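Chemist: My questions all concern the structure below.
Each value in this text was obtained by applying a stated rule to the coordinates, not by laboratory testing. For clarity, every value in this text was computed on a predicted model and none was experimentally measured. Here the Cβ is made from the backbone with ideal geometry for all residues, glycine too, and neighbour counts use every protein chain on show.
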Amino acid sequence: MRIKDSSNVLQKQRNRKSRSLLVFHEFENLPYLMLEQENKKVDEHEAGSVALPKVDRFGFVKQEANSPDGLTRSRSAFEYEREERKIRKWRKMIGVGGSDWKLYLRRKPHVVKRRIRKGIPDCLRGLVWQLISGSRDLLLMNPGVYEQLVIYETSASELDIIRDISRTFPSHVFFQQRHGPGQRSLYNVLKAYSVFDREVGYVQGMGFVAGLLLLYMSEEDAFWLLVALLKGAVHAPMEGLYLVGLPLVQQYLFQFDQLVKDHLPRLGEHFVQEMINPSMYASQWFITVFSYSLPFHLALRIWDVFLYEDVKIVFKVGLALLKYCHDDLVKLPFEKLIHALRHFPEDAMNPDTLLPMAYAIKVSKRLEELKDEYEKQHGKVSDSRIKQKLQQLNDADAALLQSEGKQICE
Amino acid sequence: MASSGNKNINSKLVLLGDSGAGKSSLVLRFVKGQFIEFQESTIGAAFFSQTVAVNDTTVKFEIWDTAGQERYHSLAPMYYRGAAAAVIVYDITNQESFERAKNWVRELQAQGNSNTVMALAGNKADLIDARKVPEEATQTYAQENGLFFMETSAKTATNVNELFYEIAKRLPRLQPAPNPSGMVLVDNQSPSERAASASCCS
Ligand SMILES: Nc1nc2c(ncn2[C@@H]2O[C@H](COP(=O)(O)OP(=O)(O)OP(=O)(O)O)[C@@H](O)[C@H]2O)c(=O)[nH]1
Ligand SMILES: [Mg+2]
């Protein structure tokens, strides 16, 4: 199983007596692991002497005075009540610290799916994400591993990571402060992952994924969620997004291109005429699972579904965005088209409009077909070491899922 | 700006270079006149456009700003293929970024499109005290390789507009055509070019 593999790797490295040289010198004297970062965030904040910047509900510094994030509007008493009821239902569903979750999931998967599609309550999001991604199990099965990776291992990617730290969500208060808790935990998670999987290492884009996670959980939890996603704890592994040659990005773009032609033929034709291909606008959708390019409140709702239902939702949301703007897009020439594909209108960014549209688009079967087609055209990636590894991991997943329930007690 | 009788041309331009060299910052300075201290890293690629007037011609640059990390290399060809101009950016305080720049030059040269105007930009020229890449040696390198070279600073705006202006001046279509009938369109492979020029040039 993958985690055993990685622990073996770790073991070997430990035996090689790796130095604990920390390139990030400024960090040396600071408490390294910030497992209690929620509290720290508040502390740092209060310690800061400067007037706090105006931020939205998620902590992003507001550009304009009234930049609507779709959620800052004051809520009516009715909405408030409804939200409270929703939270109560969710609490019941997951139990204390997630204790009832697996049972509920087995009994009523469709209820879970429906509720997740409506959005996980923000106050429970971090916990639920860990439950549905399988990362909680990984964490429990691998005590001490994260600490080991962060403190004792060195990574070839350290300088690359440092270069990007202040360029990841630079408008978020948590990540803004130079060497502040946000930047430190982001560095730690990315470094730990780059050691955990040296073949992937660090790739630009991972920072936005890790950053999004860190706003909802501790760095150790975020690390394991990253592992769960890239190694495929519940769904197909996604490390191909970041491997040399970005093989999975290439495959997804191929699939998306075809899906556009299937579902929105007129637009597909227009794209061909204007010589626009999905690489020009959608590569970042896949590479960061929308955490880079969409407003945060919408990205979160997509992530709720993504973690439970798999990458299909990225295709669906992508198609829904194009569908929503279809009648405008088909009229635009190249340059305006590119611009429009990067700056979707405000009203398209409402999750309660966009997501139901996305859910209604069926892609599963076609995605499978297109994957086969892609593999035929481009030579099965499985000839390579990488794909073999992915397959092994897939098998491990099956085993993992079968032994579900036992793990948590191990 | 463009009065009747003026020529309008569109030119696809691509920015290449190591991550953090300042590609996005140069574009932002050129297109919006801004500089952001903590510029988000570019994922995939980003598109911008800006016009430059050279004598009686207005050159509209259609700019692709690419992601610099080596891992993204496989996405780059579609942006430099058919480009009329390529700006290869390095950071004068980072020797490695200069080595990356030289690799890009080699790669573009290997593509064999001799019509592409290639410019080398030694960015972050404001950080003179931290300089690692000497200016004179680079100048020599640039001359040997037929590159137009300038040190720039996206931060202070030094040489940014100048860089793009000089590139515009060097575009083959702004040069007197020695043999009009045999002239090859610099961008004859460029999708955007064809699409866009059809809609705006007469
Ligand atoms: N001092 C100084 N800093 C600069 C200059 N240009 C860019 N920077 C800084 O260098 C960092 C990287 O700049 P970017 O423009 O994002 O670099 P890039 O080449 O686009 O990087 P990628 O998108 O990762 O490929 C930013 O934090 C900028 O503030 C400059 O001329 N002077
Ligand atoms: Mg950039």
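Chemist: What number, in percent, do you get for the relative contact order of region A:187-341 if the mean sequence gap of Cα pairs under 8 Å and at least 6 apart is divided by its residue count? List each step's numbers first, then the result.
Modeler: Working: 137 pairs, mean separation 29.9, N = 155.
With pairs under 8 Å counted, the relative contact order is 19 percent.
Chemist: Taking the Cβ of residue A:360 as the center, what net charge do the other residues with Cβ under 11 Å away carry, scoring Lys and Arg +1 and Asp and Glu -1? Don't skip to the answer; put the middle values down first.
Modeler: Numbers: positive: A:316, A:323, A:362; negative: none.
Neighbour charge sum, excluding residue A:360 itself: +3.
Chemist: Then there's this: What number of lysine-lysine pairs in region A:247-362 show an alpha-carbon separation below 24 angstrom, given a sequence spacing of 8 or more or placement on distinct chains?
Modeler: 14
Chemist: What GluC sites (Glu not before Pro) in region B:53-127 are in a loop by DSSP, with at most 11 other Cβ atoms within 10 Å of the Cβ?
Modeler: Sites meeting the loop and neighbour criteria: none at all.
Chemist: Lys pairs in region B:1-116, Cα-Cα under 19 Å, at least 8 apart or on separate chains: how many?
Modeler: Here the count comes out as 8.
Chemist: OK, next. Can you give me the Cα centroid spacing of region A:161-183 and region A:122-137 in angstrom?
Modeler: Result: 24 Å between the Cα centres.
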